[in-house]
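Scroll down for the structure; my scribbles are underneath it.
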Amino acid sequence: MHPIPAGGLTIEDVVAWLQSAGYSAKVVTAENGNRHIVSNTMGTPFNVFVGDCQGERCASIELAAGFSTNGKFDISQINDWNNNNRWCRAYYDNVNDPWLGMDIDLSPGGTYESLNDQFAAWNDRLAKFINKYSLK
């Protein structure tokens, strides 16, 4: 087992973890000064937001991918997804485009093996979301 340090990971640790698995990972700073990571999986860009931070260490991350649909995605599709999928939730942004999000706890007691397993679940759910609703 490879334990995650007490308190979780730094944003730089998350970048290193993604890159060690062959994913791109770039830290960007939002207009409000908050930093997050932009990456890509299966040809789909996604964001990694750190949360529950004490200093530089963060006890959770959120994975999120958004899709521009120009109003072709409706509330029944969001409801269908959320009623039938356990790990990732779907929601609308402020311009009514669909997003898929997944939270991952890193601390206390997290391991890199668990993180890798949950990331595999993210990739699986993301592919199913894209395919089910023809979002490519």
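None of the figures in this text is laboratory data; all of them are computed from the coordinates on show. None of these values were measured; they are calculated from a predicted model. Because the Cβ atoms are built from the backbone with ideal geometry, glycine has one as well, and the counts that use them run over all protein chains shown.
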Aspartates and glutamates near LYS72 by alpha-carbon distance under 19 Å, same-chain residues fewer than 8 away left out - which ones?
ASP80, ASP93, ASP97
Taking other Cβ within 10 Å of each residue's Cβ, how do LEU9, LEU126 sort, fewest first?
LEU126, LEU9
Neighbour-count ranking [beta-carbon atoms within 10 angstrom, fewest first] of ILE75, ILE130, ILE11
ILE75, ILE130, ILE11
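What per residue convex hull volume, in Å³, do the alpha-carbon atoms of region 35-90 yield? Walk me through the numbers before you get to the answer.
Working: hull volume 6.7 nm³, N = 56.
Taking the convex hull of the Cα positions in region 35-90, it is 120 Å³ per residue.
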What cysteines in the chain have no other cysteine with a beta carbon less than 4.7 Å from their beta carbon?
CYS88
Take the Cα gyration tensor of the chain, multiply each eigenvalue by 5, square-root it, and list the three semi-axes largest first, rounded to whole angstrom.
26, 16, 14
With axes computed from alpha carbons, what is the tilt in degrees of helix 75-84 against the longest principal axis of the chain, rounded to the nearest 10 within 0 to 90?
50 degrees
For region 97-114, just list the computed ³J(HN,Hα) in residue order, Karplus coefficients 6.51, -1.76 and 1.60, θ = phi - 60°, integers in Hz, with x standing in for Gly and Pro.
9, x, 10, 10, x, 8, 9, 10, 7, 10, 8, x, x, x, 10, 5, 4, 5
